[in-house]
Amino acid sequence: MSTYILQHVPFETPGLIEEIESYTIIKMYEDAQLPSIEEVSMLIILGGPMSVNDSIPWLESEKIFIKEIIKANKPILGICLGAQLIAQILGAEVYKNPKGKEVGFYKVKKVTNEFDFLPSALEVLHWHGDTFELPKESKRLYSTDACSNQAFIYNSNVIGLQFHLEMTKNTMVQLVEEDKNYIEGSIYEQTAETILNTSIPSENKKVLVEILEYLKNN
């Protein structure tokens with residue numbers, strides 16, 4: 001068995017996960033073949049500029065696959081689009097955030113007394129305009145003023161993060177270069193230059209390590 005990563009566009013890559021976890025990557029945008037459920041020890045779902053509500057054939061196949069992984073009680077981490085996919089599969093609505101796009105660095109605040117391995121606040125990169133309702137039987141982990149559901153946990157082995165803990169300097173440069181136009185209109189009013197000149201907190205890698213370990217052990 002192996003950890004599998006689902007990638008949706010060439011410019012949103014595993015980033016820090018490469019330094020933490022060995023994995024097999026599935027490039028969904030190339031119509032790559034999905035593995036059998038039995039082959040998967042853990043699933044990581046990356047971000048992407050598309051919406052979970054878009055009609056994309058491979059995205060529909062991916063949703064079925066994720067649903068089966070959840071049923072099989074395998075550990076899953078969803079990042080940005082990945083978190084939205086999990087939320088939708090669990091029955092929650094995914095929609096445009098009425099307060100606007102969150103693009104740039106901003107602090108998320110913990111909203112639970114559980115999960116001691118998670119810090120009370122994190123400075124993270126946001127790159128999303130959609131949000132989602134909290135799935136039933138899940139627990140909210142982090143929030144911002146503009147977006148209540150920044151992270152959640154379901155069944156102790158499924159975690160969705162609306163933000164990007166996996167970013168490195170190189171992957172951030174690639175994201176900004178390829179998706180620069182998306183920055184315009186963000187409620188944080190940060191420019192591409194501001195984002196690129198922001199240092200990614202070293203704590204983020206430690207938290208990502210802790211999350212992956214928690215998922216594998218639950």
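The values are calculated or read from the model by the stated rules, or taken from the named source; none is laboratory data. What you are looking at is a predicted structure, and each value in this text was computed from that prediction instead of being measured. Cβ coordinates were reconstructed from backbone atoms using ideal geometry, including for glycine residues, and neighbour counts include every protein chain displayed. All accessible areas refer to the heavy atoms of the entire protein, side chains included, with ligands and DNA or RNA removed. Shrake-Rupley method; radii C 1.70, N 1.55, O 1.52, S 1.80 Å.
If only residues of the stretch 4-19 that are touching a Pro at 6+ places or on another chain (Cβ under 9 Å) and over 24 Å from N181 (Cβ atoms) are counted, the one that is least open to solvent (accessible area, probe 1.4 Å) is I5.
Scan the stretch 92-112 for residues that are surrounded by fewer than 17 Cβ atoms within 10 Å (Cβ to Cβ) and not hydrophobic (A, V, I, L, M, F, W, C) and the total you get is 9. Within the stretch 26-48, restricting attention to residues that are in a strand (DSSP E or B) and under 15 Å from L81 (Cα atoms), the residue that is most open to solvent (accessible area, probe 1.4 Å) is K27.
Please list, ordered by residue number, the helices (runs of 4 or more DSSP H) wholly in the stretch 115-216 having 3 or more residues that are farther than 23 Å from S51 by Cα and touching a Pro at 6+ places or on another chain (Cβ under 7 Å).
203-216
All conditions in (1) exposed (fewer than 14 other Cβ atoms within 10 Å of the Cβ); (2) modelled with pLDDT of 95 or more; (3) under 30 Å from A72 (Cβ atoms); (4) not charged (D, E, K, R) hold for N181, with the sole exception of (3). The residues of the stretch 49-81 that are assigned to a loop (DSSP other than H, G, I, E, B) and either at negative phi or surrounded by 14 or more Cβ atoms within 10 Å (Cβ to Cβ) (or both), listed by number, are P49, M50, S51, V52, N53, D54, S55, I56, A72, K74, P75, C80. Could you say whether any residue in the stretch 141-149 is of a type in the set (D, E, K, R) and either open to solvent by 50 Å² or more (accessible area, probe 1.4 Å) or more than 12 Å from the chain's Cα centre (by Cα) (or both)? Checked the stretch 141-149: at least one residue is of a type in the set (D, E, K, R) and either open to solvent by 50 Å² or more (accessible area, probe 1.4 Å) or more than 12 Å from the chain's Cα centre (by Cα) (or both).
Scan S41, S61, S22, S51 and give me the residue that is under 14 Å from the mean Cα position of the chain (by Cα) and either more than 28 Å from K169 (Cα to Cα) or in contact (Cβ under 8 Å) with a residue 12 or more places away in the chain (or both).
Going through S41, S61, S22, S51 in turn, the sole match is S51.
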